[in-house]
Amino acid sequence: MQSQSSAIKQGLHFFSRCHLLDLPWEDVLVPHVLCHLPLQLLVSLQRVSKQFHSLIQVYLANCRTFDLSSLQIGPSISKEAFCSMLKDNKVLHRLSLQRCSDWVTDKELLPVIGQNQHLQRVDMSGCVCLTRHSLVAVSLSCMHLQHLGLAHCEWVDSLSLRSLADHCGGLQSIDITACRQLKDDAICYLAKKCLKLRSLSLAVNANVTDESVEEVAKNCRGLEQLDLTGCLRVRNQSIRTLAEYCPKLQSLKVNHCHNVTESSLDPLRKRNVVIDVEPPLQRALVLLQDVLGFAPFINLQI
């Protein structure tokens, strides 16, 4: 009993003198502690002491995910801090810059892309200060890219998208919502090269026609999610082609596609595909409920 009590006292004495930074950095702190802390806290810890600054730099040089998509983090990071934090990292797998639209430019991003050839997921959505050079750099450096976010990046053009298609054939999802420079020719080229696409957003682009949708359907047979919201020139014919060639389709968005009617959507509904517009009768009932203030009983079996 005495020996057990003595051992406990010795252990308590050891831990009372043990500081966080005394623990092995690369074996304990980096993989088991720092990886659970939010980026904003890590940035703050750098200012505590020189030792903490060195520790955080070791972590940042070895982290696989760098996510600035948080509303609290992205806008508060400066260009200089971004460059400093990632200057030694060559092992990134995921990079998200969604909330950095106010400050991130090619100058900051190109070095990071150039030294991280293992990136699998990159999100540049809303980064309006970038140019096509960033997308070309991604296509040339990131051969293993699987997921790419480019929503509202109006600088994306046909040439840069073709470069992506030529070099990143393993792409599984891409969001090119509101990339209004893109037309059918570029989207068709992407569909012919990236046969593994499972998720695609072409939303808010009036240039997209049935030609794009049909090419996607015929080449990307494993497609699961397609967003055509606001694609005003898409018609029933391409939706029928989609139903014919894409048996794995799970979700289709066609809100504000005024030329797409229930005649093409009904076969997809029967396959339990989730569609973001209600059937005509359902829409009529909702409107009637809004007018009357209650839902009338209608015998649908008549």
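The values are calculated or read from the model by the stated rules, or taken from the named source; none is laboratory data. Predicted model only: the values in this text are computed from it and were never measured. Methodologically, a virtual Cβ is constructed for each residue, glycine included, from the backbone with ideal geometry; neighbour enumeration extends over all protein chains shown. Note: areas computed on protein heavy atoms with side chains; ligands, DNA, RNA excluded. Shrake-Rupley method; radii C 1.70, N 1.55, O 1.52, S 1.80 Å.
Under a Cβ-Cβ cut-off of 9 Å, what is the net charge of the residues other than K248 that fall near it, where Lys and Arg count +1 and Asp and Glu count -1?
+1
Suppose every K and R has +1 on its Cβ and every D and E has -1 on its Cβ; what is the size of the dipole of region 33-157 about the Cα centre, in Debye to the nearest 20?
380 debye
Express in nm, to one decimal, how much length is gained between D185 and F52 on full extension, taking 0.36 nm for each residue of separation and deducting their alpha carbon distance. List each step's numbers first, then the result.
Details: separation 133, 0.36 × 133 = 47.88 nm, distance 5.20 nm.
In short, 42.7 nm is gained.
So which of K90/K196; K193/K253; K196/K270; K79/K193; K90/K183; K87/K192 end up more than 32 Å apart by C-alpha?
On the way: K90/K196 27 Å; K193/K253 23 Å; K196/K270 25 Å; K79/K193 35 Å; K90/K183 35 Å; K87/K192 36 Å.
Flagged as over cut-off: K79/K193; K90/K183; K87/K192.
Divide, for the chain, the radius of gyration over alpha carbons by 2.2 N^0.38 Å, where N is the residue count. Write out the running numbers ahead of the final one.
Details: Rg = 25.7 Å, N = 302, 2.2 N^0.38 = 19.3 Å.
My calculation over the Cα atoms of the chain gives 1.33.
To one decimal place, what orientation-averaged projected area in nm² is obtained for the convex hull of the Cα set of region 18-62?
2.9 nm²
Check cross-link reach from K248 to the aspartates and glutamates: straight Cα distance under 12 Å, and skip same-chain residues fewer than eight apart.
Once the sequence-local aspartates and glutamates are set aside, what remains near K248 is E224.
What number comes out for accessible area per residue over the chain if the probe is 1.4 Å? Units Å², please.
54 Å²
Positive end of the charge dipole of the chain (Lys, Arg +1 and Asp, Glu -1 on Cβ, about the Cα centre): tell me which of L265, L29, S141 has its Cα farthest that way.
The one lying farthest along the dipole's positive direction is L29.
Treat every Asp and Glu Cβ in the chain as -1 and every Lys and Arg Cβ as +1, leave all other atoms uncharged, and give the resulting dipole magnitude about the Cα centre to the nearest 20 debye.
540 debye
Based on DSSP H runs of at least 4 residues, each adding -39500 (n - 2.57), what is the mean residue ellipticity at 222 nm of the chain after dividing by all its residues, to the nearest 500 deg cm²/dmol?
Helix contribution divided over all residues of the chain: -12500 deg cm²/dmol.
In whole percent, and with a 1.4 Å probe on the protein chains, what portion of the accessible area of the chain is carbon and sulfur? Spell out each step's value before the answer.
Numbers: 8650 of 16240 Å².
Using a 1.4 Å probe with all protein chains present, the chain comes out at 53 percent carbon and sulfur.
In the Gaussian network model of the chain, springs joining C-alpha atoms below 10 Å, which of S54, S141, S212 carries the largest mean-square fluctuation?
In the Gaussian network model the winner is S54.
Quick one: Cα centre-to-centre distance for region 110-189 and region 231-261, in angstrom?
Their Cα centres are 24 Å away from one another.
What does the charge add up to near G126, with Lys and Arg as +1, Asp and Glu as -1, over the other residues with Cβ less than 13 Å from its Cβ?
My count for the surroundings of G126 gives -3.
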